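Trainee: Starting off with a structure, shown below.
Read-outs throughout are calculated quantities, based only on the coordinates presented, and are distinct from any laboratory measurement. Keep in mind it's a predicted model, so treat the numbers as computed, not measured. Don't worry about glycine lacking a Cβ; one is built from the backbone with ideal geometry, like all the others, and counts go over all protein chains shown.
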Amino acid sequence: MKLRFALVAALLLLTSACADLAAVQDYAKASASVPGYDEATKEFGSRFTRAEVYLDEKGRRTAQILTPERQRAVPDLIAVHKNLQAYMLVLGKLAGAQTFNLDKQTEGLQKAIVAFPPFGLDADTANAAGTLGRLVAKWALLGIQQQYVIELVTEADPSIQAVTGGMRRIVEVYQKDLANERREVQAIYNINRPFISATYSSASPSRDKLLAVLSDDHFSQKAAEFTTRAARLSELDKALEKIANGHAELRRNVNNLSSREFAAALKAIARDIWAAKGQIDELK
């Protein structure tokens, strides 16, 4: 009788855990789906090429020095995000999400990530991203095994916190760089617009007035572009913070995954991540 009761209790516990792991699946899927980082990284790498026409001679010389280093950093900056995405896909798979396809996401994860401290990618972040890559390789080939979630989350959380913290510092570098780019473009407009205005009056040739109109229109579009890019980076930072918080919540409750309170808290975090993703998508 006692044995039968114990078996029934165990089955009930397993059923409860399986149901609650839907929250883990949703969190993992949301975290793997956040856009914006790779695009922002490519924009960071091509900054001087894009802004060259607005630079003075000194600015162009600086660009010639810095551009190659930025371009070398881009693959490693993106690799940090790729490893985080691949980890989240593996976590979702172990939590029971059978639709996650890991074939392409796990390619190249064993490549060492090079640190680029001036761009926010320090050694700790690079090493933590490498650790995630090794964990992905270790767990990716396993089938749906929910009991492995405890071990994976426990092992990975320090690296997740380091990687998301490092990515937020990288995003901060992107935000500062975008602000500098905006100032450069605005400065060229502020300096030249008064001279354009002075070239025409009501009796001046229409081509001079057209130049002023085109100038205003161009810099209005640039201002809108900068505002959109800044908003995307802000939403990306929020999403990364939520990803870190969600994984910390998961780690704290990893031995209590059947808790309704835990499931509700993780689902709320996943909703916030999905909301940030939606905002970034709308800003494209």
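Trainee: So, in nm, how far is label D124 from label K138 when the simple model puts each one 7 Å beyond its Cα toward the Cβ?
Mentor: For D124 paired with K138, the spin-label model returns 2.1 nm.
Trainee: Give, in nm to one decimal, the length gained when the segment between R72 and A22 is fully stretched (0.36 nm per residue of separation minus the Cα-Cα distance).
Mentor: 14.0 nm
Trainee: Moving to a separate point now. Need the list of lysines near K82 for cross-linking: C-alpha distance under 28 angstrom, and skip anything on the same chain fewer than eight residues off.
Mentor: K29, K42, K93, K104, K111, K138, K176, K238, K242, K267, K277, K284
Trainee: Calculated FRET efficiency, D56 and A248, Cβ-Cβ r, R0 41 Å, to nearest 0.05?
Mentor: Once the sixth-power term is evaluated, E becomes 0.30.
Trainee: Please compute the length gained on full extension between K222 and K42, using 0.36 nm multiplied by the number of residues separating them and subtracting their Cα-Cα distance.
Mentor: 63.0 nm
Trainee: Return the FRET efficiency for the residue pair R183, A264: r is the Cβ-Cβ distance, R0 is 51 Å, and the value is rounded to the nearest 0.05.
Mentor: Calculated transfer efficiency: 0.70.
Trainee: To continue, here is another question. Would you grab the residues whose amide H sits under 5 Å from the one on S259? Only those 5+ places off in sequence or on another chain, please, with H modelled 1.01 Å from N.
Mentor: Hits under the 5 Å cutoff: none.
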